Amino acid sequence: MNPEPLRIEPTFSPRIWGARSLAPLYPEKSDLAEPLGEAWLTGLSCRIASGPFKGKTLREAWREMPAAWRGTQAAAGGDFPLLVKFIFPTDKLSIQVHPDDAYAEAHEKAAGGRGKTEMWHVVSAEPNAQVLVGLKPGVDKQAFLEALEKHTLESLFQAFPVRAGDTIFVPAGTPHTIGSGMIVFEVQEYSDLTYRVYDYGRVDAQGKPRELHLDKALEVIHFGATAARKTSRLSLPAEDFERSLLAACRYFAAEQWEPGGPFVMQTDASHFDLLVSVSADGFLNARGFRFPCRRGDCWFLPANLGEYNFLPLEQPATLIRAYPPDLDALRGELQEAGHAKTVARDAVFD
């Protein structure tokens, strides 16, 4: 089977805090009767829209595709490893936390047994937009419960004002919430395990409060320590365009590409790529194929695809590449670009 790029159709999820317009990423999703909060670009139920697996779900395609398409990092198969999505909040998300792999394996096998470490990249943000990520130093379980009882929980959090281009790494066990007035691109382990702690007294369309999961949340919150913070964008070697690392850990890596015109790239046999345009339409060309690419599209690029190129039709053009990394190889690229090991720690997390 000859490799070629696969476009993945997104699925859209209603959320109580979502938006009634997803423009400019998805202008067809405007004047919505029900607010949409998330566009899942690699949900297992998402459909493949091109190539030999056209019409199949991502789950089906992943199981059937050759190991060389998946890359050596995922050659053994298993479940698709990465979930990438856009988030469209017009209100605060609940205060929540995600378990790590060890807890999920022990207590959440029915839900996949996989924890959730994630990163957020801010695509756009209104003035005064912010996120709350991690607790302030010295906050223990007792202080957390007292603040929850008094509805003052937000005061215990580290607040990060955000603007377009910011990236925040959020390891499992870190309580957090995303505020309103922004569009966020999220890369994470493939998991939907969320323990909701506080939901601001909101009710759903039926007038019922959403379920809380306080007992589990208290078991997984890492009191007294947090690695959550804004990352430092680090340049990476590239020709004809600007390429930078946003964040990486053992589960995922994410890069931002800013082409000033056509550019050529090569896939790596160790991993597939997910390529998402966040600001420009264009054409993706590979192995004699020419695919129109719209902003908001997500493309699966097989590990053995080889050379491909992207022609942006608008400027400025921004793309995000996400993939399961070889961290040693990535650190080597950072060293090649002139970054010291101490600097690499600003974006690469063990």
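Computed from the coordinates by the stated procedures, all read-outs in this text should not be read as laboratory data. Everything numeric here is computed off the predicted structure, so don't read it as measured data. Ideal geometry is used to build each Cβ from the backbone, glycine not excepted, and the neighbour counts take in all protein chains shown.
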Q: Would you mind checking the tilt of helix 327-336 against the longest principal axis of the Cα atoms of the chain, expressed as 0 to 90 degrees and rounded to 10?
A: 70 degrees
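Could you give the length gained on full extension between ASP328 and GLU146, defined as 0.36 nm per residue of separation minus the Cα-Cα distance, in nm?
Stretched out fully, the ASP328 to GLU146 stretch lengthens by 61.2 nm.
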Q. How do MET1, MET265 rank when sorted from fewest to most other Cβ atoms within 10 Å of their own Cβ?
A. MET1, MET265
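How large, in Å, is the range 234-344 by the Kirkwood hydrodynamic radius built from its alpha-carbon pairs?
After inverting the mean inverse Cα-Cα distance, the result is 14.3 Å.
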Q: With everything on Cα atoms, drop me the angle between helix 141-150 and the longest principal axis of the chain, reported from 0 to 90° to the nearest 10.
A: 70 degrees
Q: Sort out for me the Cα centre separation of the range 238-301 from the range 201-236, rounded to whole Å.
A: 30 Å
Q: Using only the Cα atoms of the range 144-194, build the gyration tensor, take square roots of its eigenvalues as a ≥ b ≥ c, and label the shape rounded, prolate or oblate: rounded if a/c is under 1.5, else prolate if a/b is larger than b/c, else oblate.
A: oblate
(Q) Given axes a ≥ b ≥ c from the Cα gyration tensor, I'd like to know whether the range 148-277 is rounded (a/c under 1.5), prolate (a/b larger than b/c) or oblate. (A) prolate
(Q) Tell me whether the range 1-107 comes out rounded, prolate or oblate; compute the Cα gyration tensor, take square roots of the eigenvalues as a ≥ b ≥ c, and use a/c under 1.5 as the rounded threshold. (A) oblate
Q | Counted charge near GLU219, where neighbours are those whose Cβ lies closer than 12 Å (Asp, Glu -1; Lys, Arg +1) | A | -1
Q) Of all GluC sites (Glu not before Pro) in the range 1-96, which ones are in loop regions per DSSP and have a Cβ with at most 10 other Cβ atoms within 10 Å? A) GLU28
Q.
Quick check of the Kirkwood formula: for the chain, what is the inverse mean of 1/r over all pairs of different Cα atoms, in Å?
A. 20.9 Å
Q. Taking springs between alpha-carbon atoms closer than 10 angstrom, which of GLU314, GLU146, GLU186 fluctuates most in the Gaussian network model of the chain?
A. GLU146
Q: Filter the trypsin sites (Lys or Arg not before Pro) in the range 157-214 down to the DSSP loop ones having no more than 16 other Cβ atoms within 10 Å, then list what survives.
A: ARG163, ARG202, ARG210
Q) Hey, rough spin-label estimate for THR342 and GLU211, points 7 angstrom out along Cα→Cβ, what's it come to in nanometres? A) 4.8 nm
Q: For the range 13-93, build the charge dipole from Cβ charges (+1 Lys, Arg; -1 Asp, Glu) around the Cα centre, then report which of ALA74, GLY55, PHE88 sits farthest towards its positive end.
A: ALA74
**Q.** Within straight-line cross-link reach of LYS341, lysines at Cα separation under 25 Å, skipping those fewer than 8 residues along the same chain
**A.** LYS230
Q) Mind checking which aspartates and glutamates have their C-alpha under 18 Å from LYS56, skipping anything on the same chain fewer than 8 residues away? A) GLU4, GLU9, GLU64, ASP79, ASP297
Q: Arrange LEU93, LEU313 by Cβ neighbour counts within 10 Å, fewest through most, would you?
A: LEU313, LEU93
Q) Using the beta-carbon distance between ALA106 and ARG202 and R0 = 45 Å, what value does 1/(1 + (r/R0)^6) give for FRET efficiency, to the nearest 0.05? A) 0.90
**Q.** Exposure proxy order (Cβ contacts within 10 Å, fewest to most) of LEU145, LEU25
**A.** LEU145, LEU25
**Q.** Cα-based reach from LYS216 at 20 Å (exclusive), listing lysines while leaving out same-chain residues under 8 positions away
**A.** LYS109, LYS116, LYS141
Q: Please get the size of the charge dipole for the chain, origin at its Cα centre, with Cβ charges of +1 on Lys and Arg and -1 on Asp and Glu, quoted in debye to the nearest 20.
A: 360 debye
